[in-house]
Amino acid sequence: MMDLWLYIGFSMLETYAMFYLIFKLFKIDLFPKEMIFASIIMSFISYVLRTVYELPQADVVVQVLLMFSFIWLLFKIHVFYAVILTGMAYQAYMLIQTLYYFIMDSAGLFDSGTIPYILSISTFILQALSAATAIGAGYILSVKRKGFDFVPDKPSGKIAVKTWEKVLLILNIPSVVIVLLTMYFANYLSGLFFLVPTANAVILYGYLYVSYKKDRGEDEHFSI
């Protein structure tokens with residue numbers, strides 16, 4: 001029973017952190033009770049799929065679909081932008097977590113053959129660090145009033161799908177693929193695991209670049 005509560009508790013923390021970060025990034029109002037409710041549902045389903053049925057890959061797919069569904073139906077974000085927010089949320093969080101995992105694994109904190117998201121002290125530390133970083137990043141964005149404004153408040157109605165919207169939507173494809181391959185690299189290609197956070201960073205940069213262009217106007221020059 002303790003394993004159940006530990007798993008759900010840390011999983012809830014991660015899911016809440018993902019909602020918090022993506023909502024702060026897109027300047028969307030927070031609804032803490034609804035975020036906690038969604039996190040409980042997603043965490044419990046994750047526990048069942050991973051520990052009861054031993055289907056971690058299926059759990060990844062289900063979690064992505066659940067987050068999309070909650071952003072769309074519970075938080076009332078337009079379905080088109082719900083897809084984009086879901087992809088970006090996972091990409092941003094997985095970049096944070098894979099970086100921590102890479103560092104911890106290099107330091108020998110994960111035993112050979114150990115995969116993330118199992119019931120162990122190292123995994124709980126990984127989850128706590130990742131969630132704290134995501135929430136901290138979201139808080140900094142809020143304090144500095146940074147982020148994007150182009151996601152509409154209304155869940156219904158037609159939207160004009162232009163070039164930048166199409167690019168953002170297309171970026172979801174490699175985003176989901178990378179999330180699905182993360183555990184494979186951790187289990188079977190640990191020597192090449194550094195490629196995972198690298199790929200996450202590249203895709204996330206694409207998301208942020210296109211979001212910036214969309215938010216500021218297509219004709220505005222962008223440089224870093």
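Okay, helix-only estimate at 222 nm for the chain: each DSSP H run of n ≥ 4 adds -39500 (n - 2.57), divide by all residues, round to 500 deg cm²/dmol; what do you get?
On the way: 8 runs with 152 residues, N = 224.
Per the formula, -23000 deg cm²/dmol.
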## Note on the structure
With all protein chains present and a 1.4 Å probe, the order of Thr182, Thr198 from largest accessible area down is Thr198, Thr182
#### Entry: Chain lengthening between Leu30 and Tyr184 when straightened (0.36 nm per residue, less Cα-Cα)
52.0 nm
### Task
With a ≥ b ≥ c taken as the square roots of the eigenvalues of the C-alpha gyration tensor of the chain, please select rounded if a/c is under 1.5 and otherwise prolate if a/b is larger than b/c or oblate if it is not?
prolate
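What Kirkwood Rh does the stretch 42-84 have if only Cα atoms enter the pairwise 1/r average? Answer in Å.
By the Kirkwood definition, the hydrodynamic radius is 10.8 Å.
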### Query
What is the spin-label model distance, in nm, from Tyr209 to Ala107 if the labels are put 7 Å beyond Cα along the C-beta direction?
3.2
### Query
So which DSSP H runs in the chain come out at 30 Å plus along the axis (Cα) with average Kyte-Doolittle of at least -1.0?
2-25, 79-106, 121-143, 195-216
### Task
With the full set of protein chains in place, find how many percent of the accessible area of the chain is carbon and sulfur; take the probe as 1.4 Å.
68
### Query
How high is the FRET efficiency from Thr163 to Ser69, r the C-beta distance, R0 41 Å, rounded to 0.05?
0.90
### Message
What distance in nm separates the two pseudo spin-label positions at Ile170 and Lys76, each 7 Å out from Cα along the beta-carbon direction?
### Response
3.4
### Query
Which value, in Å to one decimal place, does the Kirkwood hydrodynamic radius take for the stretch 1-74 when every pair of different Cα atoms is included?
12.6
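Given DSSP loops and a limit of at most 12 other Cβ atoms within 10 Å, what is the longest stretch of the chain that contains no such chymotrypsin sites (Phe, Trp or Tyr not before Pro)? Walk me through the numbers before you get to the answer.
Details: sites that count: Tyr53, Phe222.
So the longest stretch without any such site is 54-221.
Semi-axes of the equivalent ellipsoid of the stretch 28-151: what are they in whole Å, largest first, if each equals the square root of 5 times a C-alpha gyration tensor eigenvalue?
Working: eigenvalues 142, 77, 30 Å².
Ellipsoid half-lengths, sorted descending, are 27, 20, 12 Å.
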### Task
Would you mind counting up the charge near Ile8? Only other residues with Cβ under 14 Å from its Cβ, with Lys and Arg at +1 and Asp and Glu at -1.
-2
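The values are calculated or read from the model by the stated rules, or taken from the named source; none is laboratory data. Just so we're clear, the structure is a prediction, and the values are computed from it rather than from any experiment. In this analysis, Cβ positions are derived from the backbone assuming ideal geometry, glycine residues included, and neighbour counts consider all displayed protein chains. Note: accessible area is taken over every heavy atom of the protein model, side chains too, but ligands, DNA and RNA are not part of it. Shrake-Rupley method; radii C 1.70, N 1.55, O 1.52, S 1.80 Å.
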